[in-house]
Structures are given as C-alpha cells and as structure tokens.
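The values are calculated or read from the model by the stated rules, or taken from the named source; none is laboratory data. Being a predicted model, the structure only gives us computed values, none of them experimental. Cβ placement follows ideal geometry from the backbone for every residue including glycine, while neighbour counts extend to all protein chains displayed.
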C-alpha cells in the first residue's frame, strides 16, 4: 500500500524536503505553479486526471498561504496566483455542495503535505528510515486516498457552470504565471553557461487531437545531474478549424529540482479530445516547438521541428500499429432514384486512422474523386464505414480495380490501399 501511495503522490509533482524556507521559497513557488513533469509513462497517463489536478492546485494554494519572506520579484506572481487559486478553492467547495461524489480535496491535500517527507523517502526506496510520525502520516494519507480519490472523483467531469468556471480559472492562472516566471528565471540564471549539449527533445503528436495528448519527452544529456532546472516550452502550429499559423499557440513552464544524468522526463499536454479540468493545453497540430532550459549551471535553447520527417515517421508507425484490414464492396442498384452506385468500405483494426481526406482512383472511364472525412479520421469497424458514391458511377459499370489513398493534414505521407478484384453487391 505504501508503494501505491508513493506512486500516486509522486505523479502529483509535490514538494521535496530540505533547504531553509528563505532559500527554498523560489523553488516551492515554481514547483507549485508549473505544469507537471513525470519520470514514467504510467505517471504521465494519470497526471492530468481531474482528481490529480484538483489535489495539485489545492496543495499549491496551501503552500502559497504559508510562504513568507518572498523576494520582491516573486511577490506579484504569488499574489496573482493566490487570487486564482482562492477562486478554484471556492469553486471546489461549491461543487462539493452540489455533488456529494466529489471528495474532500482540501483534507487530502493537507494530508499529502504532512506526508511529504515520508513520500520523498519512499520515492527513493528508503523505507528503513521512516519515523513513527512519518508512518502515521502515510497511514492517514492511505486511508484518505482510498476513500476519497479512488472512490470519489475518478476523473468524472460532469457539465456544470461551476466546473466550467474552475477550468477557466485554472487556464487563466497557468497562462499568467508562465509569462511572469519567464522573466524572473531568465534574470536569476543569466550567468549559467550556454551549451548545445544539455537536453534532447522528442515529441509524439496528437494527430489533430485524435490522441488525448501531445507527449513531449526531454532527456538530460549533459553528462551531469541538473539542479533547479526550469523549462519553458512554446508550441507553434495550427489549432481547431483555423488555418492561420499560430506562434506560441500554447506554452508551458516546468520545474525539476533534481534531474539525474541520462534520465528522461515526460510532459503530456492534453488535447481537445479529452474532457476535464486540464483539457486543451496544446494545439491540434504542432509544427515545431521551442524549449528554453535553464539550470544553476547550464542553459540551452532547443528548436524541434516536428511537421516533416518526424511527423511523417509517427504517422507511418501509427498505421503499422493499427494494421488495418480493409473490406470493400462496389454496390450497383437496378434503379438509382434514391441512391447512387458506389464503393462501401470499412476496416478492422485496433485504432482509427487520423486522415483528413480519401482520394479514390479508378480505371479509365471512371471519374476520380476526393472525399473529406468528418472529424479528420476514419473510424474502426462497419459502424464507421464510408460510402463513396456519385451519380457518374451509375452508368459506368464495375471498376476493374479500386485504389484508396489516405491524406493526412500537414503531411506528405500517404497510405494507399488497392483492390485488384472488386466484390459487387446489390
């Protein structure tokens, strides 16, 4: 049970013990208000669940309330964030009044803070040095987690004005603090040494919000442990139905107190395809991203180009993992008064194909067509079958072959399926 609780809370990106209050305030503030990072894919899968987000924000509120001796450059950040976090707290209490299924986040956050030193030891597999008080704090937290989070919220996000307001306030705070931190951190670490070998970046895109998140991974390749490392990430590309290119379509700030050499961290950015407090923290199609990494000793600017070779490679890998098995039938009708002849097609597989268009190539005598796919995807199974019909097919007979070519937004990659023997149905 202790390992379970350790995993759950480490996924929340909590405080680390040590250091004097005055020395640690800057780190505490960054850690409390930055976007989460994770050292495992399991933690990354859960870190944006509603229960995780709400506990994390309540922990941040309680930590900000206890901060004193703030340097002048941090006062504005704390005051601005405190207003938003207080509104989140008010909204959360109101939601508990309206919906008894929502757990006591405030008490859970308090227990989490009490158990933090013990959780830190557990995360480092140091269970022999747990004190009696630390064991009691963990036991209390274990009870609350099992009773409140697991039983209660479970990422249930029901439409309501209060929850919509909570989400808007959360987004507002995230947007305001990331820009304010940028100038503060840049000033504090302006003397750190510039290098071209600090971090390596990789991205797995959401394919136009087909996946639930864009996954950014960053590896420490500096050859040394990094301390107090802040990462500013700017996303550039296209979002929603807008064709306009967006510079800084979204941005994030992350903070890592201790980043071991060669370790990889994961920053998942939820897309618009998921509901919940943390929805829409990215853009649908990331063209490129900029990462500005600063630590006590080193700093580096990285620009990662995604659309092009990297994006096409991800699409190709996705199609290989789907392994689609297509079925198709050319339908002819005795009368076309109500329906035109055409091609009925579906596929079996384990995931949808995130294509935006399908072009159909036919023998001479037939007209080629291109169809737009709704929601930029071709779903799995006969319930998501596509009918490619046109009046010109009514008098053209049955084609000797059919070739479908799938097109993907912002990509040169294409996936082709061909039938050299065409089944006929009526």
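Please specify each residue of the range 356-379 satisfying the condition of being more than 25 Å from the chain's Cα centre (by Cα), part of a loop (DSSP other than H, G, I, E, B) and in contact (Cβ under 8 Å) with a residue 40 or more places away in the chain.
Within the range 356-379, just 362 meets the criteria.
Quick one: in the range 384-426, which of the residues that are without any contact (Cβ under 8 Å) to a residue 24 or more places away in the chain and within 19 Å of residue 326 (Cα to Cα) is nearest to the chain's Cα centre (by Cα)?
Looking at residues that are without any contact (Cβ under 8 Å) to a residue 24 or more places away in the chain and within 19 Å of residue 326 (Cα to Cα), I get 414.
Quick one: in the range 333-348, which of the residues that are surrounded by 11 or more Cβ atoms within 10 Å (Cβ to Cβ) and over 39 Å from the mean Cα position of the chain (by Cα) is nearest to residue 405 (Cα to Cα)? Don't jump to the end; show me each part of the working.
The initial filter retains those residues of the range 333-348 that are surrounded by 11 or more Cβ atoms within 10 Å (Cβ to Cβ), namely 333, 336, 339-348.
Subset that is over 39 Å from the mean Cα position of the chain (by Cα): 333, 336, 339-342.
Values: 333: 26, 336: 27, 339: 24, 340: 22, 341: 20, 342: 16 Å.
Ranking the candidates gives 342 first.
If residue 60 passes every condition in (1) crowded, with 22+ Cβ neighbours inside 10 Å; (2) part of a helix (DSSP H, G or I); (3) touching a residue at least 40 places away in the same chain (Cβ under 8 Å) but one, which one does it miss?
(3)
Being touching a strand residue (DSSP E or B) at 6+ places or on another chain (Cβ under 7 Å), in a loop (DSSP other than H, G, I, E, B) and either modelled with pLDDT of 80 or more or surrounded by fewer than 22 Cβ atoms within 10 Å (Cβ to Cβ) (or both): is that true of residue 27 here?
no
Can you name every residue in the range 358-388 that is surrounded by fewer than 17 Cβ atoms within 10 Å (Cβ to Cβ) and in contact with a strand residue (DSSP E or B) (Cβ under 6 Å, 6 or more places away or on another chain)?
Listed by number, the residues that qualify are 359, 361, 368, 370, 371, 372, 382, 385, 387.
Name every residue in the range 317-332 that is part of a loop (DSSP other than H, G, I, E, B) and either surrounded by 15 or more Cβ atoms within 10 Å (Cβ to Cβ) or modelled with pLDDT of 90 or more (or both), in order of residue number.
Correct list: 324, 332.
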